[in-house]
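The values are calculated or read from the model by the stated rules, or taken from the named source; none is laboratory data. All of these numbers come straight from a predicted model, not from anything done at the bench. So basically every Cβ, Gly included, is an ideal-geometry build from the backbone, and we count neighbours across all protein chains shown. Please note that ligands, DNA and RNA were not included when accessible areas were found on the heavy atoms of the full protein model with its side chains. Shrake-Rupley method; radii C 1.70, N 1.55, O 1.52, S 1.80 Å.
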Amino acid sequence: MDGRFAEVIVDVAHSDVDKIFDYSCGEEVAAGMRVVVPFGNRTETGFVMRVKESTDCPPEKLRKIYRVEDDLPAINPECLLLAQKISARYRCPMALSLRLFLPAEMRTGKVDKTYREYIRLAAELPSVNPRAAAQLACIQYLEEHGETPAAELRKRFPSAVSALKKSGALVIEKKRIMRRPYEDVAGGEEEHILTPAQERAVATVKETPKTVTLLHGVTGSGKTEVYLTLIAAALKEGKTALFLVPEISLTPQMFSKLRGRFRRRVAILHSGLSAGERFDEWERLRTGEARIAVGARSAVFAPVEDIGLIVIDEEHDGSYSSETSPRYNTFDIAYLRAKYNGCKLVLGSATPSVETYRRAKEGEFELISMPDRINARPMPKVELVDMRREVRRGNATPFSLSLREKLKTCLEKGNQAIIFLNRRGYSQTVMCRDCGHVVKCESCDVALTYHSEEDCLKCHYCGARYKPLSACPACGGTHIHYMGTGTQRVAGELKKLYPAARILRMDLDTTSGKEGHYKILKQFAERSADILVGTQMVAKGHDFPAVTLVGILDADMSLHFPDYRSGERTFQLITQVAGRSGRAGAEGEVVLQTYDPENYILRFAAKYDYEGFFEHEISMRAATMFPPFVKVVRVMVTGEDEKETVGALRSVYEKLRKIYAAHEEEFLFFNRMHAPIKRIQNKFRYQVLMRMTPQGPLKEVYAAAMEEKYKNVLVYVEENPSNLS
Ligand code: ADP
Ligand code: ZN
């Protein structure tokens, strides 16, 4: 049949409706638009994938699109193609991958565009009674100030406005208001003259024939300046840019740098914004008003066209892997976009992931190293402190004597300090001294943490709160012991030791809500506090010139996670936190406390020896066959009912076992088991864990895991998951 037809994906994330439906449509419909269509006996939103001249759909079945939702297609041609690739790669319904490209608030229809009334003078003024002084004043005001918000004008000339309106002297017009997040951030940052190392980095990225460049530069080597210079160059060519950072790096300093340099051409997308703000920023990109998208992982889907550069800062950061379906890796998406647009992709880090660094060393990526800090400032000296000796000496506090002395000096000099430990709350676990019972969450197989401020026990997996215990639920004993130290306890102890010091705490408990960390970082940057205590949130990218001391309280803690990447993580974390010290004039110091001072990871970290760490780590991964030499693939099966969950596990396992049997030589490991945490939020968790060669049958595994839907049970696939709990 001939005419005009649209291929539509209905916005329902169910595999049964995950196909293209043809509708007849008018001239106003174009690919990438959202449309409202009849679907069965319902009305649904859909995405137009393509518009065509003929259809195979029989005329009696063909229905008409009700209406279009956008004037401008919400999804551009590149992104439509990308959505298809994502669906194929991760085996998810098209509706899910298309949703990645829209701000959530657009789909749910929860934000309205905001309008405001403005008043200006009519082109031809009617005559005004010369004795109506207020009216004359109002006209004069408009002549001088031009168009004025109606509310303001009414306030100034309460009686005159309505009279003038009646006489036809005024034109009232509604205009769309764009909410402008972080407008208060002053952008005063001037451009630096690039150092020779920065110049070289910029030139290398521009000249290399390789798509991907890894910029390996120590903390404070001036990587940000390199990115900004490259972004400016892309803009100058009339192109756009994507600048991806971990959520936590979206700091006031970052905003002011970007605003100062690029003004309104930059749009910021991040979860701290209100729904309305996020939507408006997104739309500024879509219309081309803004040309640089800055944001966390999801900004890789920003609606820009003709991209000239993509930057992934802190490329090693775990937040670049999505933890909801589709479980994409930001690098993979960025790479596809770079290829499509024929532009460069720059990865930056002081501690690149082992996998990325290997690809760079083997020549797949261009490698630039910037081994020196700006102005040849020395890296802060790291002192490794053996905490076993502190305990033997009778020091039961979380602080070594050395750290205490250095803190004292630091504060006396009027400098700032950062104290890092990777555990929030007051204690780590709550245990009965009489019987050894550890208090766990009722919905999760997880020990509870005591929080002193709210005086309650919290589950860090589901957020549930419980009353603190007066007696052990198992034996009735009353010797309840709060084991381990968290940020609350540390902040409290610091207050006792340094009563005059102003202490800020930054962890998940203190940063909730809009602009949560933004506020804390701002206070610390403005020096309204002397010590910042925090979890890994304090580690990332911040540039506080007055910080001269960093204390790392439990350097080994992350070494003992049951994860092949725990050594890498620990090295990265220590290097990042240490890098906050001594960034400006005064020389910085770092105290690294550990119960395992011989550990090679800590030794390399204390010397800033990335190369040494890498060589050691890569040879170990090769010997034990872990990524990047193989792929860790985990198929998770979770559900509230244990029987149903185990049933689904059995069925998935059978399918996977056939794949395993057919490709046995590709597998190094294949087994089903409980996940390390057996239950989270009342859901039982089982897994089929595999390690396979890079050529292994990954596609088949996806197909086997995703093809069947199980009642009340969720099945999903993770590749090299950043969290194996
Ligand atoms: P990185 O991102 O590598 O950790 P930054 O980009 O934050 O490093 O730079 C560290 C500091 O050096 C910042 O305060 C920055 O303003 C400053 N800086 C960067 N480039 C220059 C330059 N060419 N000249 C002078 N100062 C610079
Ligand atoms: Zn829980």
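A few notes on this one:
- Of the residues making up region 293-308, just one is touching a residue at least 60 places away in the same chain (Cβ under 8 Å), assigned to a helix (DSSP H, G or I) and open to solvent by 10 Å² or more (accessible area, probe 1.4 Å), namely Ser298.
- Criterion: surrounded by 18 or more Cβ atoms within 10 Å (Cβ to Cβ) and at pLDDT 95 or above - qualifying residue of Leu649, Leu724: Leu649
- Number of positions in region 596-621 that are open to solvent by 40 Å² or more (accessible area, probe 1.4 Å) and over 19 Å from His216 (Cβ atoms): 6
- Condition met for Cys472 (more than 30 Å from Leu573 (Cα to Cα), open to solvent by less than 30 Å² (accessible area, probe 1.4 Å) and more than 10 Å from ligand 2 (Cβ to nearest atom)): yes
- Hey, Lys408 open to solvent by 40 Å² or more (accessible area, probe 1.4 Å), over 31 Å from the mean Cα position of the chain (by Cα) and either within 16 Å of ligand 1 (Cβ to nearest atom) or not acidic (Asp, Glu) (or both) or not: yes
- Condition met for Lys85 (modelled with pLDDT of 90 or more, over 31 Å from the mean Cα position of the chain (by Cα) and not assigned by TED's automatic domain parsing to the domain that holds Val701): no
- Restricting attention to region 417-442, the residues that are at positive phi and surrounded by fewer than 17 Cβ atoms within 10 Å (Cβ to Cβ) add up to 1.
- Qualifying residue in region 443-454 (condition: under 30 Å from His270 (Cβ atoms), open to solvent by 50 Å² or more (accessible area, probe 1.4 Å) and under 27 Å from the mean Cα position of the chain (by Cα)): no
- The criterion of at least 1 residues that are among the hydroxyl-bearing types (Ser, Thr, Tyr) is met, among strands (runs of 3 or more DSSP E) falling completely within region 2-105, by 20-24, 42-54.
- Against the conditions (1) open to solvent by less than 70 Å² (accessible area, probe 1.4 Å); (2) more than 16 Å from ligand 1 (Cβ to nearest atom); (3) assigned to a loop (DSSP other than H, G, I, E, B), Pro378 satisfies every one except (2).
- Residue check, Leu403 more than 16 Å from ligand 2 (Cβ to nearest atom), touching a helix residue (DSSP H, G or I) at 6+ places or on another chain (Cβ under 8 Å) and not aromatic (Phe, Trp, Tyr): no
- Those residues of region 443-458 which are in contact with a strand residue (DSSP E or B) (Cβ under 8 Å, 6 or more places away or on another chain), of a type outside the set (S, T, N, Q) and either in a loop (DSSP other than H, G, I, E, B) or within 16 Å of ligand 1 (Cβ to nearest atom) (or both), in sequence order: Cys444, Asp445, Val446, Leu448, Glu454
- Tally, over region 329-352, of residues that are under 19 Å from the mean Cα position of the chain (by Cα) and either in a helix (DSSP H, G or I) or surrounded by 22 or more Cβ atoms within 10 Å (Cβ to Cβ) (or both): 15
- Residue, farthest from ligand 2 (Cβ to nearest atom), within region 640-683, restricted to residues that are among the acidic types (Asp, Glu) and part of a helix (DSSP H, G or I): Glu665
- If you check Lys540, Lys495, Lys467 for being under 18 Å from Ser249 (Cα atoms) and among the basic types (Lys, Arg), only one passes: Lys540.
- Scanning region 260-276 for residues that are assigned to a helix (DSSP H, G or I), at pLDDT below 85 and open to solvent by less than 30 Å² (accessible area, probe 1.4 Å) gives a single hit, Gly276.
- Being under 29 Å from Leu714 (Cα atoms), open to solvent by 30 Å² or more (accessible area, probe 1.4 Å) and modelled with pLDDT of 90 or more is a property that Glu28 lacks.
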